[in-house]
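In what follows, a structure is listed as structure tokens, so that the remarks can point back to it.
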Amino acid sequence: MAESSKENEEQKADLFSDPTVPGPTTSELSALATRLNYSLSDDELKQCHTLINGALKGFNRIDHLVEPTLPVKYPRTPGYRPSAEENPYNAWYWKSTIKGTDNGKLSGKTIAIKDNVMVAGVPMMNGCRALEGTVPDVDATVVTRLVDAGGTILGKARCDNLCFSGCSFTSAYGPVFNFHDKTRSAGGSSSGSAVLVMAGVVDMAIGGDQGGSIRIPSCWNGCVGLKPTWGLVPYTGAGSIEPSVDHLGPMARTVHDCALMLEVIAGYDDGLDHRQPPNIVVPEYTKKIEVEDLNGLKIGILKEGFGHEASQEAVDRIVKEAARKLATIGAQVVYVSIPIHKHSVDIWAGFGFEGAYHTMVRGSLQGLGFKGYYASNSMKTAGAALKHDTKHLSDTFKYVMLTGAYLNETFHGQYYGRCQNLGRLLRQSYDDVLKDCDVIIMPTSPFVAQKLPTDGEMTLKDRVTQSINMSQNTMAADVTGHPALSINAGWVDKLPVGMMIVGKHWDETTVLKVARAHEKIMTNK
């Protein structure tokens, strides 16, 4: 045994004088072949060993080349973690000021960045202690665009653990508290972003949305949050869950500021984000959303968006009333049906669980297999943390990864492919209704903000369920890629009720126009 160990060490030492990519020993290679169920004779194993170590010499050579990175254009300090006195809602993860240009569309506006988005030189934990100490070396494209437009970034907003919760209690260092009631959830996973906006600490914030993570916290805190058309806003430099549902988008107190922020962050990213088509047109949304009436617009109230098992009757009633009020300013309001909407959560899970396993665990929060920008330094850190520092992963994350790994190893991608195909059917069903209607309306969440759990009062099953049970309506638009906005429609027990407005692909203008009309009805201004 000692001789074998000595042989292995000598094999490693002889490969290169100072290898950055050390080759495997024959013992390590043999163990790997066994795990992969590869049958190799001793001689074949030795030949593979020689070939692999020869290939890895090339990896060591390219480590001396300088790879292209994203620009870091504006100075900043590392900042600090705010005290409890500075952070009454626990909504900040890190404070660091980055001042942009002296003029631009966002001049005078302050901004928070969700903590799954990279800001160079500023710590990024993505809500998970396993990633604590990670400091990106690049600015995400949306960060650069915000400061290029004159915005001032004030720091990183806290998010749920690896963005896998809609209920704000899974984040490292405690829950984010609802702006209206600190005993209740702020929603997730862009929880800090919504609360900082509603508290007036910042004017606007970047959120991320894979299953509802912009719209749920916007709903439960009462701000305006838009998940844009898939690909409209570049995802370059953000932690991915599953590329086909990754979205970044604006969150603000008013429809105007949401539209203004979208003008700045939307647009093609020169091929760095594979989610984007090259021919994106970005209108000046703020100049198109102010209308006196909605004459000529047809609004569909989605039957399947109401009456879920967990729906609050008051929530359903308030959203229907808000939709019908749009008829008083000229809109035609009708009921529409998309039966497959009821299966949207199952369709999302069918590919999302396995896709998340490949993207987050095997692809180190970036994924593999696409042309575009890879944050390679962050991939090494994240990949090691998610495989080895597992005690800090949330119950929801573990549940999803176990399910995804099981599906992959048992069905070998069959259900990933099947549910992606069903996602096309879901998209077509929405498109068919949107041929006749301009937008579709339903509740964002079937119920108002839930109570935050008390330590020890819930089982693992309870914690997982409470992390995802509000997403019956939000997941569909992530699968289909349609733009979807949440705006406050009223109140139940002094808590906001969110109305979701879903529009045609690339037609954020109409979604924002309807939202602005509703806002004027609600506020009389």
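The values are calculated or read from the model by the stated rules, or taken from the named source; none is laboratory data. If you're wondering where the values come from, they're calculated on a predicted model, not measured in any experiment. Here the Cβ is made from the backbone with ideal geometry for all residues, glycine too, and neighbour counts use every protein chain on show.
Go through region 363-393 and give me each residue that's without any contact (Cβ under 8 Å) to a residue 24 or more places away in the chain, within 22 Å of GLY211 (Cα to Cα) and buried (at least 17 other Cβ atoms within 10 Å of the Cβ). Residue satisfying the conditions is SER364 alone. Restricting region 116-129 to residues that are under 18 Å from PRO234 (Cβ atoms) and within 15 Å of the chain's Cα centre (by Cα) leaves a set whose member that is surrounded by the most Cβ atoms within 10 Å (Cβ to Cβ) is ASN116. Determine which member of the set LEU260, LEU232 is under 13 Å from ARG145 (Cα atoms), in contact (Cβ under 8 Å) with a residue 24 or more places away in the chain and out of contact with any strand residue (DSSP E or B) (no Cβ under 7 Å at 6 or more places or on another chain). Within the list LEU260, LEU232, the selection yields LEU260. Counting only helices (runs of 4 or more DSSP H) wholly contained in region 411-525, the ones carrying 3 or more residues that are over 23 Å from the mean Cα position of the chain (by Cα) and buried (at least 16 other Cβ atoms within 10 Å of the Cβ) occupy 414-434, 508-523. Restricted to region 269-298, and to residues that are touching a helix residue (DSSP H, G or I) at 6+ places or on another chain (Cβ under 6 Å) and outside any loop (DSSP other than H, G, I, E, B), which residue is surrounded by the most Cβ atoms within 10 Å (Cβ to Cβ)? Across region 269-298, the extreme among qualifying residues is TYR285. Yes or no: THR410 of a type outside the set (A, V, I, L, M, F, W, C) and not assigned by TED's automatic domain parsing to the domain that holds GLU284? Against the criterion (of a type outside the set (A, V, I, L, M, F, W, C) and not assigned by TED's automatic domain parsing to the domain that holds GLU284), THR410 qualifies. Listed by first and then second residue, the pairs with beta-carbon distance under 8 Å, at least 6 apart or on different chains, first residue in region 337-354 and farther than 19 Å from HIS247 by Cα, second among the acidic types (Asp, Glu) and surrounded by 16 or more Cβ atoms within 10 Å (Cβ to Cβ), are SER337/GLU304; ILE338/GLU304; PRO339/GLU304; HIS341/GLU304; LYS342/GLU304. Among the numbered criteria (1) of a type outside the set (Asp, Glu); (2) in contact with a helix residue (DSSP H, G or I) (Cβ under 8 Å, 6 or more places away or on another chain); (3) touching a residue at least 40 places away in the same chain (Cβ under 8 Å); (4) farther than 16 Å from ALA322 by Cα, which one does MET458 miss? It fails just one condition, (3). Please determine whether any residue of region 160-177 is under 27 Å from GLU67 (Cα atoms) and out of contact with any Gly (no Cβ under 8 Å at 6 or more places or on another chain). Looking for residues that are under 27 Å from GLU67 (Cα atoms) and out of contact with any Gly (no Cβ under 8 Å at 6 or more places or on another chain), one finds none in region 160-177, hence no.
Only one entry of ASN60, ASN53 meets the criterion of being assigned to a helix (DSSP H, G or I) and in contact with a Ser or Thr (Cβ under 7 Å, 6 or more places away or on another chain), and that entry is ASN60.
Here's the yes/no breakdown for (1) under 30 Å from GLY174 (Cα atoms); (2) assigned by TED's automatic domain parsing to the domain that holds THR474; (3) in a helix (DSSP H, G or I):
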position: ALA322; (1), (2), (3): no, yes, yes
position: ALA327; (1), (2), (3): no, yes, yes
position: VAL334; (1), (2), (3): no, yes, no
position: GLY350; (1), (2), (3): no, no, yes
position: GLY369; (1), (2), (3): no, no, no
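Tallying residues that are modelled with pLDDT under 85, among the aliphatic types (A, V, I, L, M) and not in a loop (DSSP other than H, G, I, E, B) within region 14-43 yields 1. Can you tell me which residue among MET198, MET204 is more than 19 Å from the chain's Cα centre (by Cα), within 27 Å of ALA476 (Cα to Cα) and not charged (D, E, K, R)? Exactly one of MET198, MET204 is more than 19 Å from the chain's Cα centre (by Cα), within 27 Å of ALA476 (Cα to Cα) and not charged (D, E, K, R), namely MET198.
With respect to ALA259, determine if the residue is surrounded by fewer than 21 Cβ atoms within 10 Å (Cβ to Cβ), in a helix (DSSP H, G or I) and out of contact with any Lys or Arg (no Cβ under 6 Å at 6 or more places or on another chain). The answer is no for ALA259. Looking only at residues of region 126-179 that are basic (Lys, Arg) and over 25 Å from GLY372 (Cβ atoms), we find that the one that is modelled with the lowest pLDDT is ARG129. You will find that of ASN53, ASN87, ASN60, the residue that is more than 23 Å from LEU262 (Cα to Cα) and free of Cβ contacts under 8 Å to residues at least 12 places away in the same chain is ASN87 and no other.
Listed here are the residues, each with its yes/no results for (1) within 27 Å of ARG145 (Cα to Cα); (2) out of contact with any Gly (no Cβ under 8 Å at 6 or more places or on another chain).
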residue: LYS46; (1), (2): no, yes
residue: GLY54; (1), (2): no, yes
residue: PRO68; (1), (2): yes, yes
residue: ARG76; (1), (2): yes, no
residue: ASP102; (1), (2): yes, no
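Answer with yes or no whether THR152 is assigned by TED's automatic domain parsing to the domain that holds THR465, of a type in the set (Ser, Thr, Tyr) and either without any contact (Cβ under 8 Å) to a residue 24 or more places away in the chain or surrounded by fewer than 24 Cβ atoms within 10 Å (Cβ to Cβ) (or both). When the stated conditions are applied, THR152 passes them. Candidates in region 22-54 are the residues that are surrounded by 11 or more Cβ atoms within 10 Å (Cβ to Cβ) and among the hydrophobic types (A, V, I, L, M, F, W, C); of these, the one that is farthest from ASN377 (Cα to Cα) is LEU40. Within region 440-455, being without any contact (Cβ under 8 Å) to a residue 60 or more places away in the chain and not hydroxyl-bearing (Ser, Thr, Tyr) holds for one residue alone: ASP455.
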